Structure formats: structure tokens, C-alpha cells
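Enquirer: Below: one structure in C-alpha cells.
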Amino acid sequence: MCFFSFLFCRGFVYDSRNNLQMRGLVVLLISKAAGPSTAELSFQHNMVSGIYSSQRSLAEITELIHTAFLVHRGIVNIGELKSCDGPLKDMQFGNKMAVLSGDFLLANACTSLAQLQNTKVVELISSAIGDLVQGIYYENSKSSEENCLTDDIGISTWKEQVFLSHSALLAKSCQAAMELAKHSAEIQDMAFQYGKHMSMSHKLHSDLQPFVKESSSDIMAFSLNCAPAVLHQEFLGRDAWIKQIREAQGKGNIMDYKKLQEAIKAGKGVTSAIDLCRCHGNRALAALESFPPSEARAALANIVYAVTRFS
């Protein structure tokens, strides 16, 4: 029996309130699923439970980088604060602590990365950090534009942006784990594809929660640039979508998310986002076929099932 059942995985990747950190675990699981390379048989004494010590370090590095960027994302825009938000000095102090804490975690991750003594792995993870910076910069630059309610983008552009800010780190960490075990370029690419498409499914699953939850009496606020909204705009047209947003705004520009949610659910955005989520999930499962059957591979498959089922 697989040590990661479907129900466990479903609760692990999404607990109805928060998206949980799972990147390090995925790196460990895919390392165990791939096993030792024939080129590295002489170093199997460095393996514990089928995972090299360097791969364990990589999993820790991946989580450190992800956490560092989460801390940096918590920085408050002082210029947008209102008097009811609290003392300005407290916010300024909090921002300084967020910058220092995030930088400390990132510095530790980079130090551990250098200790792996593998130039290709350093290059992969460094490029993933660059992707994260680029993705977050794009998000912040768009959200800071005056009177910008929603981006005028299609789903292809949305996927490019999501890859940078959400998928690149996991995809390149999975590839790096294969490089540390000296696996072939084909296996490295399959690991990259699994990490990419699984995390894309995870993001789509998260975006869909306000539209598919049946038992919630409270309407959840959602981003106007989430996947269902972007797809809804594609089908409806930019002008009609902006009109719906304006109609959902009440006095003081307070958004009526229930009204907007109903408008999106009445269109094709939600069903198309579910189909896209399952499409990426199927591509992640197809990548797993390159790995031999094992409990680790089954666990990775269950994680995909957990983020592609909505009933």
C-alpha cells in the first residue's frame, strides 16, 4: 500500500484554508522514484532510503528559497496604507524585518547550494531564483498601475507568468535532483516536466477554489487575474469583462465578489480552468511513466490526483 494515499495527499497539498509547502517533499519523492543511476553505482553507500545526501540538501534548499520569497512577498506598500491599518512605524519595522529575514534565508540557501559542488545544479537553481524575481516583479508592476483592475492578458501569457512565479523553482529543483544522481538527460527532462505540470495544476486548483467549493457560505475574495477570470475574459471579451467588474463595484469601490463570482460561473471560465488543470495533471502523470513503478512514484501520482479532482 502506498505510504501517501490520495486522501492524505489531498489534505497535504490543500487544507481548505492554505496552500501548504510541499516542494521539498516532491524533490525527495522524485529522487527516490528515480533511484540510483547506473553511472553512480559506486556511490550508493551515500544513499539513505534510496536518496542521496546531496538530494536531501537540495530539498532543504528548495524550501528555503520558497520560504524566503514568501517572506519577501509579505512586505507592505507603505504608500497604500490607511490610518485604520495601524501605526506607520510598526509597518516600517515589519518591512525591515521581512527584508532581513528573507535575505537571511536566501543567503543560507545559496551557501548550501555552493556546497553541493555541482555547477549545473547551481546554474539551474540560480536561474529558478531569477525566474521567481522576474515573475514577482511582473505581478507587482501590474498591480501598482493606477486604475488597473485586471490585466489584459490571455491564458497563454498567464501560463508564462505562472511558470516564472510558481512552477520554475519546483521544475528546476526536480531536474537538479536527477543531475545530482547523474541520471540521463531524458530522465532529467521528465523530472522537469513533472515538476512544471504538477505545480501548474496546483496553481489552477488554488485559483479554482472560490468557484468550486460547495459547502462554503461565505464568498471568498479572489484575484481578478486568476485563471477562471482570465479565461472568462477570453471568452467574453475585454470590454464586456470590464463592464461586469464596474457593475460589481459598490460605493467606495468595494467589490461585490459574490456578484462577480456568479458572472464568471455563468460563463465558460470555470469549466475551462478545470479542463486546463486536468490537462496539466495528465502531462505530469505522463512524465512519471519514465520512472519505474514504486511507492514513491505512486505518491507523486496521488499528489497530482489530489489537485485535479474537484468533487
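The values are calculated or read from the model by the stated rules, or taken from the named source; none is laboratory data. Note that the structure is predicted; figures quoted are calculated from it, not measured. Methodologically, a virtual Cβ is constructed for each residue, glycine included, from the backbone with ideal geometry; neighbour enumeration extends over all protein chains shown. The protein model used for the area step is the full one, side chains on, heavy atoms only, and it has no ligands, DNA or RNA in it. Shrake-Rupley method; radii C 1.70, N 1.55, O 1.52, S 1.80 Å.
Enquirer: Quick check on my filter: what residues within segment 279-311 are among the hydrophobic types (A, V, I, L, M, F, W, C) and open to solvent by 10 Å² or more (accessible area, probe 1.4 Å)?
Expert: Scanning segment 279-311 gives 279, 285, 286, 298, 301, 310.
Enquirer: Any residue in segment 92-114 that's within 19 Å of residue 172 (Cα to Cα): show its pairings with residues that are acidic (Asp, Glu) at Cβ separation under 9 Å, as long as the two are six or more apart or on different chains.
Expert: Short answer, once both residue conditions are applied: 109/60; 109/63; 112/60.
Enquirer: Let me ask something else. Residue 117 fails exactly one of the following numbered conditions: (1) outside any helix (DSSP H, G or I); (2) free of Cβ contacts under 8 Å to residues at least 40 places away in the same chain; (3) surrounded by 20 or more Cβ atoms within 10 Å (Cβ to Cβ). What is the number of that condition?
Expert: Of the numbered conditions (1) outside any helix (DSSP H, G or I); (2) free of Cβ contacts under 8 Å to residues at least 40 places away in the same chain; (3) surrounded by 20 or more Cβ atoms within 10 Å (Cβ to Cβ), the odd one out for residue 117 is (3).
Enquirer: Could you say whether any residue in segment 167-190 is open to solvent by 40 Å² or more (accessible area, probe 1.4 Å) and within 16 Å of the chain's Cα centre (by Cα)?
Expert: no
Enquirer: Could you list, in sequence order, the residues of segment 1-55 that are open to solvent by 80 Å² or more (accessible area, probe 1.4 Å) and at pLDDT 90 or above?
Expert: 32 - this is the single residue of segment 1-55 that is open to solvent by 80 Å² or more (accessible area, probe 1.4 Å) and at pLDDT 90 or above.
Enquirer: Could you say whether any residue in segment 268-291 is part of a helix (DSSP H, G or I), β-branched (Val, Ile, Thr) and within 30 Å of residue 49 (Cα to Cα)?
Expert: no
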